[in-house]
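What follows is a single structure, written as structure tokens, with notes after it.
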Amino acid sequence: MNKKILKIGLMIGYLLFFILMDFWVITIQNSFITKEPLSTIFYFSRYRGMILIGFFKWFVLGFLLHFLSERKKLRFKVDIIYLAIAIMCAAIYYMINFCILVPIPTIYSGKYMIQLMCLIPILSGFFMFEGLFSNETSS
């Protein structure tokens, strides 16, 4: 019973976290500091912040989903292969968003690319959880 309450609490907590992150992105998009000179560095830093927040909210979802799907006791154990996969997923996400891998019209051209941009951080969260925690029971 306590595990079910914990899982429900985590899901409600993530929902509130997701709403907070979306509100934060909207606030960044609508915030203009009129006394600060608006250079390209200012716009780029705001864009970089929005990309980081977007990645983080989906990353936490992947981490949480993997945590909720575990049935055995977990212990902290680092697995380099899964961590490398998680870091590569994160690097691909940032290279796509900063137009290193694909040009801008391709990114925003269709709903499938936007769905892929949400899937990459979720996979990164899954692999990060798998890389940091082991399923084995401690003996």
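The values are calculated or read from the model by the stated rules, or taken from the named source; none is laboratory data. The model shown is predicted, which means the values in this text are computed figures rather than measured ones. Glycine gets a Cβ as well: all are built from the backbone with ideal geometry, and neighbour counts include every protein chain shown. Accessible surface is based on the protein model in full, side chains and every heavy atom, while ligands, DNA and RNA are left aside. Shrake-Rupley method; radii C 1.70, N 1.55, O 1.52, S 1.80 Å.
Structure above, values below:
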quantity	calculated
Cβ pairs under 6 Å, 6+ apart, first in region 35-52 and within 29 Å of PHE18 (Cβ to Cβ), second at pLDDT below 70 and open to solvent by 50 Å² or more (accessible area, probe 1.4 Å)	none
Tally of residues being modelled with pLDDT under 75 and either open to solvent by 50 Å² or more (accessible area, probe 1.4 Å) or at positive phi (or both) across region 12-30	2
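Yes/no per residue for (1) open to solvent by 70 Å² or more (accessible area, probe 1.4 Å); (2) at pLDDT below 85:
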| position | (1), (2) |
| --- | --- |
| PRO37 | yes, yes |
| ARG46 | no, yes |
| GLY54 | no, yes |
| ARG75 | yes, yes |
| ILE80 | yes, no |
| ILE85 | no, no |
| CYS89 | no, no |
